[in-house]
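For reference, the structure is listed below as structure tokens.
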């Protein structure tokens, strides 16, 4: 599992169907997703399983309210800026939460 570094200035490129899909399926808002990207307790890894057409990444992070999320996303260059394009978001399962906690030593 290769760790990945995010761009310094985080900007988002929202696709309306992706933001509503995460809300409908998992009750994760786009605001929660953005909040997770700004957390200091985050880890980003490449999603090699789903990186056929473009490089996909996974963010494991925690919101201000302590909700542990996993967010699939890609980084696109638009207007000469790198922007985060969230694809889907959901709460971490038990195994993902354990990996997250052990890797970052958080509770």
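What follows is calculated from the coordinates using simple rules that are stated; it is not laboratory data. Bear in mind that the values here come from a model prediction, so they are computed numbers and not experimental data. A quick note on method: Cβ atoms are made from the backbone with ideal geometry, for glycine too, and the neighbour counts reach across all protein chains shown.
Out of (1) 1.32; (2) 1.01; (3) 1.05, which label holds the value of Cα Rg over 2.2 N^0.38 Å that was computed here?
Checking each listed value against the structure points to (2).
Given the -39500 (n - 2.57) contribution per DSSP H run of 4+ residues, what per-residue ellipticity at 222 nm results for the chain, rounded to the nearest 500 deg cm²/dmol?
-8000 deg cm²/dmol
Under the 0.36 nm per residue contour assumption, what length would be gained going from the current alpha-carbon distance of residue 102 and residue 21 to full extension?
The span from residue 102 to residue 21 would gain 26.2 nm if fully extended.
Evaluate the relative contact order of the chain (contact order divided by residue number), counting alpha-carbon pairs under 8 angstrom at least 6 apart; express in whole percent.
About 28 percent, as a whole number.
At a Förster distance of 30 Å, what's the computed FRET efficiency of residue 79 paired with residue 54, Cβ-Cβ distance as r, to 0.05?
Once the sixth-power term is evaluated, E becomes 0.95.
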